[in-house]
Amino acid sequence: MKKNIVRVEPIGKSTNRRRFLKLGGLGVVGAGLLVACSDDDNGMGMMPDPDPEPDPDPDPDKIFDLGEGDLGVLNYAYALEQLEADFYTKVVNSFYGNISDEERQVLTDLYYHEVNHRDFFKAAITAAVDGNTDLVLPTLEFDYGNLDFGNREQVLTTASVLEDTGVAAYNGAGRLIADPNYLLIAGKIVSVEARHASAIRTLLNPGSADFAGDDYVTASNGLSAALDPSAILAAVGDTGFITTKFTANNLP
């Protein structure tokens, strides 16, 4: 049964705030889907479904493997976007106390982006495999343990880790993508994820250089981390957030 999720409408922007987080648009080559923000500050052109229905009749004894090649990379990205979308859905449905209008707006923007990223990958993968759902990563389940969504520091610190991890994941997966159209889309998405990472770091430590800290951008070459799927999935696995088992036997 579908949960009752409160749809959060973004507040109006501040007159002195540039809404640099807005997505310009994502075209899905071959999928016939456009995920984009409208020019209206009061919301998205396409309202995302924050809580998708589980995939029908999953086999509890079957462990899904992400696959190989471009399909494996797309399923890998889909897994990470499912996590981020689920996390921000919980954030916007239980905003921590005394949250400022600015922080509420930023987190709401991120919620919209990540839900659209998640839905984009599901549509793109489904189209790529001609609707063969056996090749599409199923809807994952999550458990955040003792994470207190009412605690500002815990929420923003977790968001920062997820965003930094997402950027490193896309950077590391780029070399594995053969189709230049998918590589183009990945480049668009990772640029948005980097904006997310910067925004969250600024909320945690405003007025500092943390938005591009040395732990995030290597001082010697000005580049952020690029990690293989095995390293990313191990780090994500250590959080315990994803409770649905899957493997990545054909990815480095």
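The values are calculated or read from the model by the stated rules, or taken from the named source; none is laboratory data. Remember, predicted model here, so these are calculated numbers, not experimental data. No Cβ is skipped: glycine too gets one built from the backbone with ideal geometry, and neighbour counts run over all protein chains shown. All accessible areas refer to the heavy atoms of the entire protein, side chains included, with ligands and DNA or RNA removed. Shrake-Rupley method; radii C 1.70, N 1.55, O 1.52, S 1.80 Å.
Between residue 235 and residue 250, the modelled label-to-label distance comes to 2.6 nm, taking each label 7 Å out from Cα in the direction of the beta carbon. The length gained by stretching the chain between residue 202 and residue 188 to full extension, at 0.36 nm per residue less their Cα-Cα distance, is 2.9 nm. Ignoring ligands, DNA and RNA, what percent of the accessible area of the range 64-243 is carbon or sulfur (1.4 Å)? Using a 1.4 Å probe with all protein chains present, the range 64-243 comes out at 51 percent carbon and sulfur. Among 177-188, 143-154, 63-74, sorting by the average number of other beta carbon atoms lying within 10 angstrom of each residue, highest first, gives 63-74, 177-188, 143-154. Under 5 Å between amide hydrogens, built in the peptide plane, is the criterion, and for residue 64 it picks out 247 among residues at least 5 positions away or on other chains. Solvent-accessible surface (1.4 Å probe) assigned to residue 243 amounts to roughly 70 Å².
Estimated at 0.36 nm per residue, the fully extended path between residue 157 and residue 127 surpasses their Cα-Cα distance by 7.2 nm.
What does the extension gain come out to for residue 175 and residue 142, with contour length at 0.36 nm per residue minus their alpha carbon separation? Before the final figure, lay out each step's value.
Values: separation 33, 0.36 × 33 = 11.88 nm, distance 2.89 nm.
Stretched out fully, the residue 175 to residue 142 stretch lengthens by 9.0 nm.
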